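Right, one structure below, let's go through it.
The values are calculated or read from the model by the stated rules, or taken from the named source; none is laboratory data. Since this is a predicted model, take the numbers as computed values, not measurements. Heads up, the Cβs are rebuilt from the backbone with ideal geometry, glycines too, and the neighbour counts pull from every protein chain shown. For accessibility, only protein heavy atoms count, side chains too; no ligands or nucleic acids. Shrake-Rupley method; radii C 1.70, N 1.55, O 1.52, S 1.80 Å.
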Amino acid sequence: MRKRSKTISFDPKKFLASVGEGKTILKYRKGQTVFSQGDVADAVFYLQKGKLKLTVVSEQGKEAVVAILGPGSFFGEGCLNGHPLRISTTTAMEECVITRLAKPAMIAVIHDEPSFSEMFMAYLLERNGRIEEDLIDQLFNSSEKRLARLLLLLANFGKDGTPTPIAGKISQETLAEMIGTTRARVSFFMNKFRRLGFIDYNGNLEVNNSLLNAVLHDKPEIESNGGRTGP
């Protein structure tokens, strides 16, 4: 009876955590730039550890934070779609470990390894869904609800309903840029959330399940602040 040959299964995360042809592991300090808007787009990146922010600067010089990325995120994949230049700047918000895959290496592993393709596609679909939700949020929700949703997303809330610290310090200016309002409005809402027990400050910012309940059930205390809640 012929023995079945053993096959070694491909592990995408192990692949991304090791160096290889066209693949390097890089470390970035807090505040260090991974790539800048206008740089040549010739590689895809994968964030193993840390937190990054993506910013875009308009022709008038106005900067906006468009995303904050955590571990498990791909970025810079626009080069696969024919974008010759970077359309955003990516900066480390804390110490980061990042895998850089040169464009040919990324294309090769997508073609050769179905499990990697599935992982990458699942990430892209999830991110596109998030972008659609962000657009709806921006169009139809008040700045107060946008801030509540952003805090829940940054805390990766919903796993077990326990208070979740938001890793790293995110300024109120950054939060304001991400939801399209002013720092003064963010400060007002943050103080209100703390007073209502939605968040805690204990060295780190912690998000409580009461904020999730308030958003899901559209409780009036989210809106009843005696003032306008729009941008």
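Values for this structure:
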{"item": "More than 14 Å apart - percent of Cα-Cα pairs taken over the stretch 53-109", "result": "63"}
{"item": "Computed FRET value (nearest 0.05) for LYS13 with THR33, which takes r as the C-beta separation and R₀ as 35 Å", "result": "0.85"}
{"item": "Computed label-point distance, nm, for sites LEU196 and VAL66 using a 7 Å Cα→Cβ extension", "result": "3.1"}
{"item": "Charge dipole of the chain about the Cα centre (unit charges at C-beta), most positive-ward option of VAL186, VAL207, ALA148", "result": "VAL207"}
{"item": "Per-bin percent of Cα-Cα distances, the stretch 24-151 [5 Å]", "result": "2, 10, 17, 21, 21, 16, 8, 4, 1, 0"}
{"item": "Gaussian network model of the chain, springs between alpha carbon atoms under 10 Å - residue of ALA148, ALA214, ALA41 with greatest fluctuation", "result": "ALA214"}
{"item": "Hull volume in cubic angstrom per residue (convex hull over the Cα atoms of the chain)", "result": "168"}
{"item": "Principal-axis tilt of helix 183-195 within the chain, Cα atoms, nearest 10 degrees", "result": "80"}
{"item": "Modelled FRET efficiency - R0 22 Å, MET121 with ASN156, Cβ distances, 0.05 increments", "result": "0.55"}
{"item": "Candidates GLU59, GLU206, GLU113: whichever shows maximal mean-square fluctuation once the chain is modelled as a Gaussian network with Cα springs under 10 Å", "result": "GLU59"}
{"item": "GNM flexibility winner over the chain from ARG146, ARG127, ARG86 (Cα, springs under 10 Å)", "result": "ARG127"}
{"item": "Dipole magnitude (debye, nearest 20) for the chain, charges at Cβ of Lys, Arg, Asp, Glu", "result": "680"}
{"item": "Rounded, prolate or oblate (a/c below 1.5 giving rounded, otherwise prolate when a/b exceeds b/c) for the stretch 1-88 by Cα gyration tensor", "result": "prolate"}
{"item": "Cα gyration tensor shape of the stretch 72-135, rounded if a/c is under 1.5, else prolate or oblate by comparing a/b with b/c", "result": "rounded"}
{"item": "Of all accessible heavy-atom area on the chain, the percent that carbon and sulfur account for (1.4 Å)", "result": "54"}
{"item": "Ellipticity estimate at 222 nm from DSSP helix runs (n ≥ 4, -39,500 (n - 2.57)) divided over the chain, nearest 500", "result": "-11000 deg cm²/dmol"}
